[in-house]
1. If you go through region 130-143 one residue at a time, do you hit one that is modelled with pLDDT of 95 or more, β-branched (Val, Ile, Thr), under 23 Å from residue 71 (Cα atoms) and surrounded by 15 or more Cβ atoms within 10 Å (Cβ to Cβ)?
2. Where residues in region 90-126 are of a type in the set (D, E, K, R), exposed (fewer than 14 other Cβ atoms within 10 Å of the Cβ) and assigned to a strand (DSSP E or B), which of them is modelled with the lowest pLDDT?
3. Take region 70-113 and flag every residue that is of a type in the set (Gly, Ala, Ser), on the phi < 0 side of the Ramachandran plot and touching a strand residue (DSSP E or B) at 6+ places or on another chain (Cβ under 7 Å).
4. Looking at region 62-89, I want the residues that are within 12 Å of residue 29 (Cβ to Cβ) and assigned to a loop (DSSP other than H, G, I, E, B) and have a partner that is among the small types (Gly, Ala, Ser) and at pLDDT below 95 with Cβ atoms under 8 Å, at least 6 apart or on another chain. Which pairs are those?
5. Is one or more of the residues making up region 24-43 within 19 Å of residue 75 (Cα to Cα) and modelled with pLDDT under 65?
Amino acid sequence: MRRLTLAVVCYLTLMTGAVWGQASGIKPIHVPAGTILTFYLHTRLNPTNGNAIDLLPKGTVLNIKVMDSIDSDLTRDGAEFRGLVVSPLVSKDEVVIHADAEVRGLFALLRSRSHPDGFRYELLLTGITDGGKIFQLTASLNPSFLDSPPQETAKSNGGSNSGETDKNNPPSSAHK
């Protein structure tokens, strides 16, 4: 009986340490509703319909006003969020996507080679609806899916410095 109790205590100690170590170092994301974030368009592997967005170059900037609060402490991996395009997307003097087009996105926990814990949080855009047309796309806060940090800091609600939110290094005002 004594050995069984000792084995159970050892097992519980090991499991508690493993759980504690997994969540400790992933940098959180805290984005209040109304924050304007800069996303970068990525090349899709299999563009199916050859729409106008597929013709835009990789790295095209999309300024998006996030309509839902996103908090990595509360939001589940894979949760959807909504947003609005802030400024129109123009290609060859033609508006491809109008301002106020609706945006769909995902909050995701991705594998990361450079992160000590092996994971990082990411916000991904998956689609835009503009004038009844649905465009599938892939865009993220990073110019590339590589593990480099974002190159720009997003500004919240009209660009005040107190609301700046850096995905990988949020300021203390963005934390709880």
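1. Checked against the condition, which is being modelled with pLDDT of 95 or more, β-branched (Val, Ile, Thr), under 23 Å from residue 71 (Cα atoms) and surrounded by 15 or more Cβ atoms within 10 Å (Cβ to Cβ), region 130-143 yields no hits at all.
2. Just the residues of region 90-126 that are of a type in the set (D, E, K, R), to begin with: 92-94, 100, 102, 104, 111, 113, 117, 120, 122.
Cutting the leftovers down to exposed (fewer than 14 other Cβ atoms within 10 Å of the Cβ) gives us 92-94, 100, 111, 113, 117.
If we keep only those that are assigned to a strand (DSSP E or B) too, we end up with 94, 111.
Numbers: 94: 89, 111: 79.
Per the criteria, the residue is 111.
3. Quick first cut of region 70-113, residues of a type in the set (Gly, Ala, Ser) only: 72, 78-79, 83, 87, 91, 99, 101, 105, 108, 112.
From what is left, the residues that are on the phi < 0 side of the Ramachandran plot are 72, 79, 83, 87, 91, 99, 101, 105, 108, 112.
If the condition is that a residue be of a type in the set (Gly, Ala, Ser), on the phi < 0 side of the Ramachandran plot and touching a strand residue (DSSP E or B) at 6+ places or on another chain (Cβ under 7 Å), then 72, 79, 83, 87, 99, 101, 105, 108, 112 are the ones that fit.
4. As it stands, the answer is 77/108, since those pairs meet every condition given.
5. Keep residues of region 24-43 that are within 19 Å of residue 75 (Cα to Cα), which gives 24-37.
Right, trim to modelled with pLDDT under 65 and you get 24.
Yes - at least one qualifying residue is present in region 24-43.
The values are calculated or read from the model by the stated rules, or taken from the named source; none is laboratory data. Note that the coordinates shown come from a computational prediction; the quantities given were computed from them, not determined experimentally. Quick reminder, even Gly has a Cβ in these numbers, built from the backbone with ideal geometry, and neighbours come from all protein chains shown.
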